[in-house]
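> Before anything else, here's the structure in question.
The values are calculated or read from the model by the stated rules, or taken from the named source; none is laboratory data. Only a predicted model underlies this, so the values are computations on that prediction, with no experimental measurement involved. Backbone-built Cβ (ideal geometry, glycine too); neighbour counts: all protein chains shown. Surface areas here come from the heavy atoms of the whole protein model, side chains and all, with no ligands, DNA or RNA. Shrake-Rupley method; radii C 1.70, N 1.55, O 1.52, S 1.80 Å.
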Amino acid sequence: MHLVKHAEDFQKYLQYMMGQTQAEACVTDKTIQQYFKQNTRTEPEHSGTTALDVITFLQRPAERIQTYQALLKELIKNKAKCGKSCCLLEDAFSMVSCLPWRSDNLHQVSLIENYPAPLTALGEPVRQGPFTVWEESPEIKTSSRGHQRQVFLFKDCVLLCKLKRDPGMNSDTYAFKNKMKLNDVEVKEMVGGDEKSWELWHEHRGSVRRYTLQGHSTLLKLSWLKDLRELQQRSSLTTSSPPEFKVLLADCTTKIGQTIKLACKVTGTPKPVVSWFKDGLVLEDGPHHIITADRTGTRCLILDGVTPKDSGQYVCYASSPVGHASTLAKMVVDAPPRFITRLQSACLMEGEEVQFTCSTHSTPLPRVRWFKDARELTDQRKYNIESDARSGILTLTIMNPGETDLGRYECELWNQLGSAKSKAELCATFTQVIDSEPDQPQVLLTNGRRVPPNQGSTSQSLHHVSLIMFPVSWTQCMWMGPPLSSPTHAQLTLHSYPYKMVMCWALGAPYAPPPHVSMSSCSWTDLQTIGCPSSLEVRRVLVIMLM
């Protein structure tokens, strides 16, 4: 991941390797060698070490690249054996392994002489190499032997150069001979049945020249023709073209901890600006989301160590002054189902339907089943069950509820990796069941203490004590009064009710109100206020009304 993220920094290796040959040639000069020999000395604190000669020192960066290649190749092989994704390692290997031949291409370009413009204007060559070339035009007769030419392929032109050998120089140079714009060139793939040769027909200033190129293998010919065709297609585009995705994003399903690469390819003139989104939110380049792009227009979003939260819809959006385009894909991270919001207990109100609601973030939506007192609910005339796959909201509506509907309700989520349950109570009086951890027994709050459900839900237990458990909201205080003043200091105003006791829950732990609001029965005739220390947050308030 570190190598891919710092791809631009590896361009320094490219510049170094371009000048390495020239530097080594200078060092081999006897005068320079004598200079280094006379001025090389070892500091006293390093007297036990041997100073490296200059040639060895110059070779260190190139050797480091070779070490990176060997290590990455071994990592890819070992990770593939374990059945894990190697996309990130493969990208790093591709980036590192191409540095030597890219530097060689640029070095060969630097050897061109007599070019009528700065060589930097040509850019980086796509490929280059030696060929035997036959040239024919109305003024030139074809030679039977052909000529040795160094051919350079750039993004918008082809250069033909003649090799110049100078006995007094340590390296060869190239004399510029001809330049052909790709838009003016027609490619002929077959030449008289020779599988190693192909032709370039160049139309220039009203005349046509035919160049026959012969390489050393059929594979070399095919690779050159492939790059030529692609570059011609790009150069034939109009000066302005809207963004267009040539390769679309693809849906994928993966497991927790895997590395996933979402890739697409976009073209357009001018070069479009690309943004990535997940479920409508923009993604920034970072440790978990690595965003890459290459010269061909391929755009990648790499997610390292995916979690269930990474499931969702991903969009790659490309825009330019002349238009915009997008492609999307859905990614699913297989994981056990889980609840985002859990069921809340409800009270039976005469003439009103009862609705239980919870939500899940699992994608795809797991199998959902509803139960009452451990029996699955299947009567569609009595129960309306809805499951929204997009939002993850699950709803159970009880039509025409009565006393026979009182009891414990449970929502169960299930997929091949596990299950989750959420439980709540439908009570005749104000009784709240706290939904505990998944698959743990629920507890019922009665008379200010916890008791098993089969004890606390009896009519005898509820005859003398009724309970009201309301969640405290920072924006709404239900029937109990105005909104709380702040999330760190809670003041709750309760309307006057005779005979009631109060208990606050701060951050999940019981918090007793100040002494003047005791846990014994009392009769309040005015509005009362409960204060909480500023270090706590009141999350729930329990009001016990003695009947």
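> Only one of (1) farther than 29 Å from residue 273 by Cα; (2) in contact (Cβ under 8 Å) with a residue 60 or more places away in the chain fails for residue 316. Which number is that?
Status for residue 316: all satisfied but (1).
> Something else now. Restrict the check to the range 102-115 and report whether at least one residue is open to solvent by 50 Å² or more (accessible area, probe 1.4 Å), in contact with a Phe, Trp or Tyr (Cβ under 8 Å, 6 or more places away or on another chain) and charged (D, E, K, R). Step through it out loud before you land on a result.
From the range 102-115, those open to solvent by 50 Å² or more (accessible area, probe 1.4 Å) are 104, 110, 113-114; that's our starting set.
This time we only want the ones that are in contact with a Phe, Trp or Tyr (Cβ under 8 Å, 6 or more places away or on another chain), so: 113-114.
Subsequent filtering for residues that are charged (D, E, K, R) retains 113.
Yes; the residues of the range 102-115 include at least one that is open to solvent by 50 Å² or more (accessible area, probe 1.4 Å), in contact with a Phe, Trp or Tyr (Cβ under 8 Å, 6 or more places away or on another chain) and charged (D, E, K, R).
> Let me ask you something else. If you go through the range 257-273 one residue at a time, how many are closer than 13 Å to residue 314 by Cβ and either open to solvent by 70 Å² or more (accessible area, probe 1.4 Å) or in contact (Cβ under 8 Å) with a residue 40 or more places away in the chain (or both)?
4
> Show the residue pairs meeting these rules: Cβ distance below 7 Å; 6+ apart or different chains; first residue within the range 62-84 and within 23 Å of residue 14 (Cβ to Cβ) and in contact (Cβ under 8 Å) with a residue 24 or more places away in the chain; second residue among the hydroxyl-bearing types (Ser, Thr, Tyr) and surrounded by 14 or more Cβ atoms within 10 Å (Cβ to Cβ).
These pairs meet every condition: 65/13; 69/97.
> Give 249, 262 a once-over and let me know the one that is assigned to a loop (DSSP other than H, G, I, E, B) and of a type in the set (A, V, I, L, M, F, W, C). Outline the logic, then answer.
Details: 262 fails: assigned to a loop (DSSP other than H, G, I, E, B).
None of the other options fit; the residue is 249.
> Can you pull out every residue in the range 415-428 that is under 21 Å from residue 380 (Cα atoms) and open to solvent by 10 Å² or more (accessible area, probe 1.4 Å)?
Listed by number, the residues that qualify are 423, 425.
> Of these, 141, 155, which one is under 43 Å from the mean Cα position of the chain (by Cα) and either assigned to a loop (DSSP other than H, G, I, E, B) or at pLDDT below 90 (or both)?
Result: 155 is the single residue among 141, 155 that is under 43 Å from the mean Cα position of the chain (by Cα) and either assigned to a loop (DSSP other than H, G, I, E, B) or at pLDDT below 90 (or both).
> Please state which one of 369, 408, 381 is out of contact with any strand residue (DSSP E or B) (no Cβ under 6 Å at 6 or more places or on another chain) and either open to solvent by 30 Å² or more (accessible area, probe 1.4 Å) or of a type outside the set (Phe, Trp, Tyr) (or both).
381
> Can we say residue 187 is β-branched (Val, Ile, Thr) and either part of a loop (DSSP other than H, G, I, E, B) or in contact with a helix residue (DSSP H, G or I) (Cβ under 9 Å, 6 or more places away or on another chain) (or both)?
Here the answer is yes, as residue 187 does meet what is asked.
> Of the residues that sit in the range 71-91 and are within 21 Å of residue 256 (Cβ to Cβ) and either in contact with an Asp or Glu (Cβ under 7 Å, 6 or more places away or on another chain) or at pLDDT below 80 (or both), which one is surrounded by the most Cβ atoms within 10 Å (Cβ to Cβ)?
Step by step, filter the range 71-91, then rank; the result is 88.
> Of (1) modelled with pLDDT of 70 or more; (2) surrounded by 13 or more Cβ atoms within 10 Å (Cβ to Cβ); (3) more than 18 Å from residue 100 (Cα to Cα), residue 31 satisfies all except one. Which?
Against the list (1) modelled with pLDDT of 70 or more; (2) surrounded by 13 or more Cβ atoms within 10 Å (Cβ to Cβ); (3) more than 18 Å from residue 100 (Cα to Cα), residue 31 comes up short only on (2).
> Using the structure shown, decide if residue 94 is under 25 Å from the mean Cα position of the chain (by Cα), in a helix (DSSP H, G or I), polar (S, T, N, Q) and at pLDDT below 85.
Values: under 25 Å from the mean Cα position of the chain (by Cα): yes; in a helix (DSSP H, G or I): yes; polar (S, T, N, Q): yes; at pLDDT below 85: yes.
Yes.
> Moving on. Kindly provide the set of residues from the range 85-132 that are of a type in the set (Ser, Thr, Tyr), within 24 Å of residue 150 (Cβ to Cβ) and without any contact (Cβ under 8 Å) to a residue 60 or more places away in the chain, ordered by number. If you could, list the steps in order and put the result at the bottom.
Let us first name the residues in the range 85-132 that are of a type in the set (Ser, Thr, Tyr), namely 85, 94, 97, 103, 110, 115, 120, 132.
Among the residues that remain, those that are also within 24 Å of residue 150 (Cβ to Cβ) are: 97, 103, 110, 115, 120, 132.
Passing the criteria: 97, 120.
> Please state which of the following conditions residue 259 fails to meet, knowing it meets all the rest: (1) under 17 Å from the mean Cα position of the chain (by Cα); (2) within 15 Å of residue 321 (Cβ to Cβ).
So the condition that residue 259 fails would be (2).
> How many of the residues in the range 286-329 are part of a loop (DSSP other than H, G, I, E, B), open to solvent by 40 Å² or more (accessible area, probe 1.4 Å) and within 23 Å of residue 268 (Cα to Cα)?
5
> For the range 196-210, enumerate the residues that are over 19 Å from residue 147 (Cα atoms) and in contact with a helix residue (DSSP H, G or I) (Cβ under 9 Å, 6 or more places away or on another chain).
Listed by number, the residues that qualify are 203, 204.
> Now for a different question. Among the residues that make up the range 217-230, is at least one of them touching a residue at least 40 places away in the same chain (Cβ under 8 Å), assigned to a helix (DSSP H, G or I), open to solvent by less than 90 Å² (accessible area, probe 1.4 Å) and in contact with a helix residue (DSSP H, G or I) (Cβ under 8 Å, 6 or more places away or on another chain)?
Within the range 217-230 (the criterion being touching a residue at least 40 places away in the same chain (Cβ under 8 Å), assigned to a helix (DSSP H, G or I), open to solvent by less than 90 Å² (accessible area, probe 1.4 Å) and in contact with a helix residue (DSSP H, G or I) (Cβ under 8 Å, 6 or more places away or on another chain)), the answer is yes, since at least one residue qualifies.
> I'd like the full set of residues that are of a type outside the set (Ser, Thr, Tyr) and either at pLDDT 95 or above or part of a strand (DSSP E or B) (or both), limited to the range 265-277.
Once the filter is applied, which keeps residues that are of a type outside the set (Ser, Thr, Tyr) and either at pLDDT 95 or above or part of a strand (DSSP E or B) (or both), the range 265-277 yields 265, 266, 268, 273, 274, 276, 277.
> May I ask you to list the residues in the range 161-189 that are over 23 Å from residue 234 (Cα atoms) and either among the β-branched types (Val, Ile, Thr) or open to solvent by 90 Å² or more (accessible area, probe 1.4 Å) (or both)?
162, 165, 167, 169, 170, 173, 177, listed by residue number.
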